[in-house]
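Below is one structure, written out as C-alpha cells, with a few remarks after it.
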Amino acid sequence: MSTAGKVAEDPGFRSGLEGVIVAETAISHVDGPNGRLLYRGGNSIESVVDRSYEDIVHLLLHGGFPEPQAATAFAARLAGGRPLNAAARAALEGLPCAAEPAAALRTILSAHGAARGVRAPDVPEALALTAVAPTAVAAFHRRRRGLPELEPRADLGHVANFLHLLHGEAPDPRQVRWLEAYFTVTADHALSPSTFTAQVVGSTGSDLTSAIVAAIGALKGPAHGGATTEATRMLDRVGDPANAEAFVLDLLARGGRLMGFGHREYRRYDPRARILAEVCREANPRYHAVAAAVEAVAERELAARHPDRPNLTNVDYFAGGVLSAVGIPDDEFVCVFAAARLVGWAAHVIEYVERGERIVSPASRWLGPDQEPGVRGATGRNGGFGC
Ligand code: ACO
C-alpha cells in the first residue's frame, strides 16, 4: 500500500524520511539546492579531488590535512593495517566463488572484525577497517578467478596498493590517478542511506564492525551504491550513442528507471558526477561517448516529466566508466564504493557516539486494527522502542 496519502493525514509522517533532520554533523555537507558537497572544514569536493586518499582519510577522521611529516607517518600507519587476519582468510576460503562480491566483502570484514574483538567506535578502529577493506575486495576478486591472494605492498599508497592487490602488476600511474579521484569523491556524503544505517547501529552502543557491515548491506541496493553497476549495464545495452534517444524514450514509456539519475538531496547536477565525467572522458572515451549521449536525452525527458523535482546525473553514472578502465568488473563496483566510503561511515559513527547522542528509534504509524479481532477501533501511531 502506498504511504503517500498518509503524509497529508499526519504532518509528522515523512515518507522515506525526506527532509527530516536526524543528526548534526561537521564531517560533510550536501548542499543539494546549490549542487555543492563540502568535506570537513568546509573543503569543497573540487578543492580536494587532487589530494591523496590518505589525506582525505586524515581530514575526515581528524578534522584537517596532515602536516607533511605527519602525513608520511599517517600513511605508514594506514599501510600497517592492510593484511587480512586469520579469521578473515578463513572466511574468504569458506566462500563459494559464485557468492555476490558485496556479500563476500561483508562476510570477510565481519570475520576480520570478530577476531579483533568488540571495540567501541574510535579512530584506531576506523583506520584498521579502512586499511583492510581494499585487501578484502581484492582477495575475493582474485579468489573467484582462481588466482592466489597477493601480499600488500607497504611502499605503495592506499589506492596504488589496491590496484597491485587486484592485478598483481606495477600499477599504471594514470590508473592510480583515476581511481584515487574516485576514492576521494566517494569518501563521504553526509547522511546517505548507508551512512544513516551505520549511525543507527552505532547509536545502539554497538561496535564499528557491526555498523560497517550493516552499511555495506544498505549500500549495495540498486537505488543506492548498486546503481553504479546498473548504470553501466544500462549503457552496455545502449551500446552506441546513436541508440540513445530511442533507448531512453522506450525505457521511460515502460515506466523504467534511468540508473545513475536522481538523488534525494541534489536538485542540481551532482558535483561528484561532474568530476567523474571528466575522469571518465580521459579514462574510458567509449563509455563516455555513450553516457554523454544518453545523458542529454535523459535530462531533457526527466525534466519534462517532473519539472518540479529535477532528477539529474548522480555520482554512479560515470563511475562505472572509471572503475571499468582500471580493470574492475561491474559486479564488484559496489565493493570498491564500500572500500572508499568506509571511512565516511566510520567518521559519522564516531562523531555521533562521541557526542553522546541518543539512540535512533523513530516511530511508525500503525495500519492494523486497534482492537482485538471482532471489536471496532481506530488506528494510531506507535511509540518507538519496538523490541
Ligand atoms: N528514472 C526515471 N524516473 C525517476 C528517476 C530515474 N532515475 N528518479 C526519480 N524518478 C521519478 C520517480 O519515479 C518519481 O516519479 P513519480 O512521482 O511519477 O512516481 C519522480 O521522478 C520523483 O522522484 P524523487 O522523489 O525525486 O525520487 P526519490 O528521492 O524517491 O528517489 C532515487 C531517489 C532513489 C535516487 C531515484 O532517483 C532513483 O531510483 N534513481 C535511480 C537509481 C540511482 O541512480 N541511484 C543512485 C543514487 S546516488 C547514490 O545513492 C550513491
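The values are calculated or read from the model by the stated rules, or taken from the named source; none is laboratory data. Since the model is a prediction, treat every value here as computed from it, not as a measurement. Here the Cβ is made from the backbone with ideal geometry for all residues, glycine too, and neighbour counts use every protein chain on show. What goes into the accessible areas is simple: the full protein's heavy atoms, side chains included, and nothing from ligands, DNA or RNA. Shrake-Rupley method; radii C 1.70, N 1.55, O 1.52, S 1.80 Å.
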Quiz item: Under the Karplus relation 6.51 cos²θ - 1.76 cosθ + 1.60, θ = phi - 60°, what is the ordered set of whole-Hz ³J(HN,Hα) values for segment 78-94, x standing for Gly and Pro?
Solution: 5, 4, x, x, 5, x, 6, 7, 4, 5, 5, 5, 5, 4, 4, 5, x
Exercise. When a/c is below 1.5 the answer is rounded, else prolate if a/b is larger than b/c, else oblate, so apply that to segment 65-149 with a ≥ b ≥ c taken from the square roots of the Cα gyration tensor eigenvalues.
Key: prolate
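Where does the chain land at 222 nm, in deg cm²/dmol rounded to the nearest 500, when only DSSP H runs of n ≥ 4 count, each adding -39500 (n - 2.57), divided by all residues?
Values: 17 runs with 213 residues, N = 387.
So the calculated ellipticity at 222 nm is -17500 deg cm²/dmol.
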Exercise. Calculate one ³J(HN,Hα) per residue across segment 51-66 by plugging θ = phi - 60° into the Karplus curve 6.51 cos²θ - 1.76 cosθ + 1.60, and present them in order as whole Hz with x for glycine and proline.
Key: 6, 6, 4, 4, 4, 5, 4, 4, 4, 5, 8, 10, x, x, 7, x
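Which order do ILE359, ILE21, ILE108 take when ranked by solvent-accessible area (1.4 Å probe, heavy atoms of all protein chains), largest first?
On the way: ILE359 80, ILE21 150, ILE108 0 Å².
In descending accessible area the options line up as ILE21, ILE359, ILE108.
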Exercise. Roll a 1.4 angstrom probe over the protein heavy atoms and tell me the percent of accessible area of the chain that is carbon or sulfur.
Key: 53
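Determine the percent antiparallel among the DSSP beta bridges restricted to the chain, to the nearest 5. Display every interim value, and only then the final one.
Working: 8 of 9 bridges.
Close to 90 percent.
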Practice problem: Please list 313-322, 286-295, 249-258 highest first by mean number of surrounding beta-carbon atoms within 10 Å per residue. | Solution: 313-322, 286-295, 249-258
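Using the heavy atoms of the protein chains alone and a 1.4 angstrom probe, what is the accessible area of the chain per residue in square angstrom?
Numbers: 17440 Å² over 387 residues.
Counting only protein heavy atoms, the per-residue value for the chain is 45 Å².
Does segment 250-387 come out rounded, prolate or oblate, given a ≥ b ≥ c as the square roots of the eigenvalues of its C-alpha gyration tensor, rounded meaning a/c under 1.5 and, failing that, prolate meaning a/b above b/c?
On the way: a/c = 2.78, a/b = 1.61, b/c = 1.73.
Here segment 250-387 falls in the oblate category.
If packing is taken as the mean number of other Cβ atoms within 10 Å per residue, what is the order of 276-285, 297-306, highest first? Each step should come with its number before you reach the end.
Numbers: 276-285: 19.8, 297-306: 15.2.
In descending order of packing, they fall as 276-285, 297-306.
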